[in-house]
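J.: A single structure is presented below for examination.
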Amino acid sequence: MKHQEIMSNIQTNQSTLNQFSENEIGDDHLYTGINTPMKADAFSISDEVKKKKISLLFAEIMDILGLDLTDDSLKGTPNRVAKMYVDEIFSGLNPANKPKIALFENKYQYNQMLIEKNITFYSNCEHHFVPIYGKVHIAYISSGKVIGLSKLNRIVQYFAQRPQVQERLTNQIGQDLISILETLDVAVIVDAKHLCVSSRGIKDESSSTITCFYSGVFNTSEKIIELQNFIKD
Ligand SMILES: [Zn+2]
């Protein structure tokens, strides 16, 4: 896409985003849907080509900021950032990187809730491209199939490795677990810090944001209380 096309797209998006301009939205984080907004041709170019393009464009940003790209400390940065974006922190945009999940028969006949708590995650705010990090707690009740515990961490990582808003991250993990585990009895609680809130803007270092996804039996107050008792520190 040519530079002018990109700029006109950005301007169009600004004027149609829930009828608010970018200035009116400010630092408020709007959440437009459960699916990460992706272009239809998102994977028409290879990861290698993406890294080359990102590297060139990031070098341009650094150059515009006035940084000397011939300096030994800076000259490798555009390539490093490009590789980090595509291979690591935004690798979850590509469905090809979705973890392969094997389920097992529930031979233990365990039919109460299973909770994996304090799953550490790192993501990035899609409005500022600075980190969101925190803990995810997952609970489910087996429908007859069980999942390897480390796979819960991998599912969290996959959805976290995208530009995100916390509400969407929470719902994407919850919906995916419903489909993988073949049960509606799923709960996801995300407790996170946003660097766009703490390191800039309002500069609030103490606040954290909690979001939850409750489905099936987790929509009842008894189950929510039971779950919250288990995850409180
Ligand atoms: Zn942000």
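Please treat every number below as a calculation from the coordinates, not as lab data. Note that the structure is a prediction, hence the values are computed from the model and not measured. Using ideal geometry, Cβ is built from the backbone for each residue, glycine included, and neighbour counts are taken over all protein chains shown.
J.: So which residues in region 224-233 are in a helix (DSSP H, G or I) and either surrounded by fewer than 18 Cβ atoms within 10 Å (Cβ to Cβ) or among the acidic types (Asp, Glu) (or both), if there are any at all?
T.: Residues of region 224-233 that are in a helix (DSSP H, G or I), as a first pass: 224-231.
Within region 224-233, 224, 225, 226, 228, 229, 230, 231 qualify.
J.: Among the residues in region 155-171, are any more than 12 Å from the chain's Cα centre (by Cα) and either of a type outside the set (Ser, Thr, Tyr) or more than 16 Å from the ligand (Cβ to nearest atom) (or both)? Even if it seems obvious, please write down each step before you answer.
T.: First pass over region 155-171, keeping only residues more than 12 Å from the chain's Cα centre (by Cα): none.
Looking through region 155-171, none of the residues is more than 12 Å from the chain's Cα centre (by Cα) and either of a type outside the set (Ser, Thr, Tyr) or more than 16 Å from the ligand (Cβ to nearest atom) (or both).
J.: Now a separate question. Please determine, by comparing only the residues of region 125-142 that are within 16 Å of the ligand (Cβ to nearest atom), out of contact with any Lys or Arg (no Cβ under 8 Å at 6 or more places or on another chain) and part of a strand (DSSP E or B), which one is farthest from residue 36 (Cα to Cα).
T.: So the residue we want is 131.
J.: Say we look at region 71-107 and pick out the residues that are touching a residue at least 12 places away in the same chain (Cβ under 8 Å) and in a loop (DSSP other than H, G, I, E, B); which of these is nearest to the ligand (Cβ to nearest atom)?
T.: 90
J.: Please give the number of the condition residue 130 fails out of (1) touching a residue at least 60 places away in the same chain (Cβ under 8 Å); (2) of a type in the set (A, V, I, L, M, F, W, C); (3) on the phi > 0 side of the Ramachandran plot.
T.: It is condition (3) that residue 130 fails.
J.: OK, next. I need the full set of residues from region 189-223 which are assigned to a helix (DSSP H, G or I), without any contact (Cβ under 8 Å) to a residue 12 or more places away in the chain and more than 16 Å from the ligand (Cβ to nearest atom), in order please.
T.: 219, 221, 222
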